[in-house]
1. Scan around Met24 for amide H atoms under 5 Å from its own, H built in the peptide plane at 1.01 Å from N, and keep only partners 5 or more places away or cross-chain.
2. Under a Cβ-only charge scheme (Lys and Arg +1, Asp and Glu -1), can you give me the dipole magnitude of region 106-202 about the Cα centre, in debye to the nearest 20?
3. Checking the a/c ratio against 1.5 first, then a/b against b/c, what shape does the Cα gyration tensor give for region 10-98?
4. Report the local net charge at Ala162: Lys and Arg +1, Asp and Glu -1, summed over other residues whose C-beta lies under 12 Å from its C-beta.
5. Once you have the Kirkwood Rh of the chain from its Cα pairs, apply Stokes-Einstein at 25 °C and 0.890 mPa s and quote D in µm²/s.
6. When only alpha-carbon atoms count, how far does region 106-202 stretch along each of its three principal axes, as whole angstroms with the largest first?
7. Give, in nm to one decimal, the length gained when the segment between Thr184 and Arg34 is fully stretched (0.36 nm per residue of separation minus the Cα-Cα distance).
8. In debye, nearest 20: dipole of region 10-98 around its Cα centre with unit charges on the Cβ of K, R (+) and D, E (-)?
Amino acid sequence: MTSRRKVSNLLGLAVLAALRTRPMHPYEVAGLLREWGKDNDMKFKWGSLYTVVGNLEKHGFIKAVGSSREGRRPERTVYALTAEGRAEAEDWVRDLVGRPEPEFPRFKAALSVLGVLHPDEATRLLNERLRLLDERVAAERAGLAALDMPRVFLIEAEYDVAMRQAEADWIRSLLGELRDGTLTGAEAWREYYATGQLPPDWSQPPE
């Protein structure tokens, strides 16, 4: 089980990774993370950046090493990564890479209650989702192919495309089962919407 972090916000990990390159003030860190596209890789709120920076400093993962001023802008504190921060970043990435944890995508939540929709509407929406996924996968693959940089800097984007492709393939298979009637329970699902009566076996908890 992954250990509880003193700073658990993934933005903290991104800040630690950015400060491995050089000391920076938070505004510079935000600019670098946007340049790296980290807001596409992690779910975090930019408004919490200064809170996260403060927590990282509080726990000794970063330290103030000076200040800078640009033009008439307020003076900004420059932070550097500490040895403890470097160790924390490395340990955090080890946990994330090596230990699978339950994740709760919104699509999975919707699938768990798909029965609230009529089968025909569910099928229509799944077809629409599949169309959009296919378009996105094609566009992202073309975008990756056009980039002239080592793959090591693109592996998170490749992973994203692979996950979208896997989802599209699964939806395509599910739609095939709905279309040819081989999806177990689909007939009862349709009967429920025709009669308004819950099938008897649906009212029993799974054993």
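Quick note: the coordinates plus some simple rules give every number you see, no bench work behind them. Source: prediction; values computed, not measured. All Cβ positions, glycine included, derive from the backbone under ideal geometry; neighbour counts span all protein chains shown.
1. Close amide H contacts, sequence-distant or interchain: Tyr79.
2. Charge dipole, region 106-202, about its Cα centre: 140 debye, nearest 20.
3. Taking the square roots of the gyration eigenvalues as a ≥ b ≥ c, region 10-98 is oblate.
4. Combined, the nearby Lys, Arg, Asp and Glu give -4.
5. Using the Kirkwood radius from Cα pairs, D works out to 116 µm²/s.
6. Dimensions of region 106-202 along the principal axes of its Cα atoms: 59, 20, 18 Å.
7. Numbers: separation 150, 0.36 × 150 = 54.00 nm, distance 4.59 nm.
Taking Thr184 through Arg34 to full extension adds about 49.4 nm, to one decimal.
8. Value, rounded to 20: 340 debye.
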